[in-house]
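Taken together, the values in this text are just the output of simple stated rules run on the coordinates, not laboratory data. Computed from a predicted model, the values in this text were never measured in an experiment. Here Cβ is always computed from backbone atoms with ideal geometry, including for glycine, and neighbour counts include all displayed protein chains.
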Amino acid sequence: MELPPVFSRAGRRATLIPVDPYYLVHRAKKLGYHPQVILAGRAINDSMPAHVAGMMIRGLNEAGKVIKGSKVLIMGLAYKENVADIRESPARGIVEGLSEFGVEGSFCLRGRRLGGLV
């Protein structure tokens, strides 16, 4: 099986981790394969921001905090340390999930507060 160009040579082009499985699924289907494991992993990964937001809401509740109006700071937005690229970051989904409960989320990247990105 021929590897897609994105994986064939080091340095040819940078990849974005969350997008790679979609590319692999597309290529596999083109070659007649049904990539169930990749699709299952994507479904789990796609549901994680809502899951983490729910855990944060439960944590605020268990700590006796008023949920509506609470403020949280989310740090570590990128997939690798010392990288400022936050495209496809699941942090947006976390803040969206929190905002449904009236929690105000903001972001910090490399020590710089970015405010709400939702």
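Give all pairs with beta carbons closer than 6 Å in which a residue from the stretch 81-92 that is over 16 Å from Ser106 (Cα atoms) meets a residue that is among the aliphatic types (A, V, I, L, M); count only pairs at least 6 apart in sequence or on separate chains.
That search, which allows pairs on different chains as well, returns Asp85/Ala78; Glu88/Leu16.
Would you tally the residues in the stretch 18-34 being in a helix (DSSP H, G or I), under 15 Å from the mean Cα position of the chain (by Cα) and surrounded by 14 or more Cβ atoms within 10 Å (Cβ to Cβ)?
First, pick out the residues of the stretch 18-34 that are in a helix (DSSP H, G or I): 20-30.
Subset that is under 15 Å from the mean Cα position of the chain (by Cα): 20-22.
Those still in the list that are surrounded by 14 or more Cβ atoms within 10 Å (Cβ to Cβ) too: 20-21.
Result for the stretch 18-34: 2.
Considering Val37, Val52, which residue is part of a helix (DSSP H, G or I) and surrounded by fewer than 10 Cβ atoms within 10 Å (Cβ to Cβ)? Steps first, answer last, please.
Details: Val52 fails: surrounded by fewer than 10 Cβ atoms within 10 Å (Cβ to Cβ).
So the residue among Val37, Val52 that is part of a helix (DSSP H, G or I) and surrounded by fewer than 10 Cβ atoms within 10 Å (Cβ to Cβ) is Val37.
Taking the stretch 61-109, which residues are surrounded by fewer than 16 Cβ atoms within 10 Å (Cβ to Cβ) and in a helix (DSSP H, G or I)?
Result: Asn61, Glu62, Glu96, Ser99.
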